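What follows is a single structure, written as structure tokens, with notes after it.
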Amino acid sequence: MIGVSACLGGCPVRFDGRDQRVVEIEQLVKQQEAIMICPEVLGGLPIPRDPAEIIGGDGFAVWHGEAKVVTNKGADVTEAFKNGSIRAYQKLKEKGIDTLILKEKSPSCGSQWIYDGTFSGTKIKGVGVATAYFLNQGIKVYSESQWLKREGK
């Protein structure tokens with residue numbers, strides 16, 4: 001059993017109320033080989049919600065108090081992102097899950113790339129808030145593209 005970002009599994013949990021369905025990942029969920037998580041929703045954020053980006057670094061910097069997660073309207077949602085990460089980890093730990101497929105470029109789930117905090121569409125190297133937490137707990141994280149490549153798809 002693995003964990004996957006709920007948006008990749010076909011759930012409309014993105015900030016804009018849409019999904020980011022990847023058919024192969026959705027199949028894992030349907031075959032009960034994967035469970036879905038959304039740290040942002042688990043942190044209490046609504047659907048839809050204002051888009052958010054990390055300002056001042058990446059997810060590791062957020063956990064070190066050096067960066068924060070802010071919406072495009074200036075609301076600080078850092079605590080919701082952190083709380084959702086912890087709640088998601090607890091759910092994963094209960095199921096014995098140690099491998100995840102997470103949505104790249106997400107301020108929660110990005111594993112290689114995130115947006116730079118300017119809401120301009122510019123990407124930077126870095127990880128999301130939940131990914132940083134999961135990695136610190138020893139969970140292996142793949143982006144959807146890394147996983148598809150690994151699976152030869």
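Determine which single condition Gly117 fails, assuming it passes every other condition in (1) more than 12 Å from the chain's Cα centre (by Cα); (2) in a helix (DSSP H, G or I).
Just one mismatch for Gly117, condition (2).
If only one of Lys82, Lys68 is touching a residue at least 24 places away in the same chain (Cβ under 8 Å), among the basic types (Lys, Arg), in contact with a helix residue (DSSP H, G or I) (Cβ under 8 Å, 6 or more places away or on another chain) and farther than 14 Å from Val13 by Cβ, which one is it?
Values: Lys68 fails: touching a residue at least 24 places away in the same chain (Cβ under 8 Å).
Just a single option satisfies the conditions, and that option is Lys82.
Restricting attention to the range 10-19, does a residue exist that is modelled with pLDDT of 95 or more, farther than 22 Å from Gln112 by Cα and in contact with a strand residue (DSSP E or B) (Cβ under 8 Å, 6 or more places away or on another chain)?
Yes, there is a match, as at least one residue in the range 10-19 is modelled with pLDDT of 95 or more, farther than 22 Å from Gln112 by Cα and in contact with a strand residue (DSSP E or B) (Cβ under 8 Å, 6 or more places away or on another chain).
Could you list, in sequence order, the residues of the range 120-153 that are of a type in the set (Asp, Glu) and not in a helix (DSSP H, G or I)?
Restricting attention to the range 120-153, the residues satisfying the condition of being of a type in the set (Asp, Glu) are 144, 151.
Scanning the range 120-153 gives a single hit, Glu151.
Is it the case that the range 83-98 has a residue that's assigned to a loop (DSSP other than H, G, I, E, B) and crowded, with 21+ Cβ neighbours inside 10 Å?
Of the range 83-98, the ones assigned to a loop (DSSP other than H, G, I, E, B) are 95-98.
Checking the rest, the ones that are also crowded, with 21+ Cβ neighbours inside 10 Å come to none.
No: the range 83-98 contains no residue that is assigned to a loop (DSSP other than H, G, I, E, B) and crowded, with 21+ Cβ neighbours inside 10 Å.
Please tell me if Ile54 is touching a Pro at 6+ places or on another chain (Cβ under 7 Å), at pLDDT 95 or above and either not in a helix (DSSP H, G or I) or not charged (D, E, K, R) (or both). Before you say what the answer is, go through the steps one by one.
Working: touching a Pro at 6+ places or on another chain (Cβ under 7 Å): yes; at pLDDT 95 or above: yes; either not in a helix (DSSP H, G or I) or not charged (D, E, K, R) (or both): yes.
Judged against the criteria, Ile54 is a match.
Here are Glu40, Glu24: which of them is over 17 Å from Ser111 (Cβ atoms) and touching a helix residue (DSSP H, G or I) at 6+ places or on another chain (Cβ under 8 Å)? Before you say what the answer is, go through the steps one by one.
On the way: Glu40 fails: over 17 Å from Ser111 (Cβ atoms).
Every option except Glu24 fails the conditions.
Among the candidates Ala88, Ala61, single out the residue that is of a type in the set (A, V, I, L, M) and within 11 Å of the chain's Cα centre (by Cα).
Working: Ala61 fails: within 11 Å of the chain's Cα centre (by Cα).
After applying the criteria, what remains is Ala88.
Asp76 - would you say it is touching a Lys or Arg at 6+ places or on another chain (Cβ under 8 Å) and closer than 11 Å to Ile54 by Cα? Can you show your working first?
Working: touching a Lys or Arg at 6+ places or on another chain (Cβ under 8 Å): yes; closer than 11 Å to Ile54 by Cα: yes.
So Asp76 fits the description; yes.
Filter the range 1-59 down to the residues that are closer than 17 Å to Lys82 by Cβ and of a type in the set (Asp, Glu), then identify the one that is surrounded by the most Cβ atoms within 10 Å (Cβ to Cβ).
Checked the range 1-59; the qualifying residue surrounded by the most Cβ atoms within 10 Å (Cβ to Cβ) is Glu40.
Could you grab the pairs with beta carbons closer than 8 Å, sequence gap of 6+ or different chains, first residue in the range 2-27 and part of a strand (DSSP E or B), second one at pLDDT 95 or above and of a type in the set (S, T, N, Q)?
Pairs that qualify, where the first residue is part of a strand (DSSP E or B) and the partner is at pLDDT 95 or above and of a type in the set (S, T, N, Q), are Ile2/Thr99; Gly3/Thr99; Ser5/Gln20; Ser5/Ser106.
The values are calculated or read from the model by the stated rules, or taken from the named source; none is laboratory data. Predicted model, so just to flag it, every value in this text is computed and none were measured. Backbone-built Cβ (ideal geometry, glycine too); neighbour counts: all protein chains shown.
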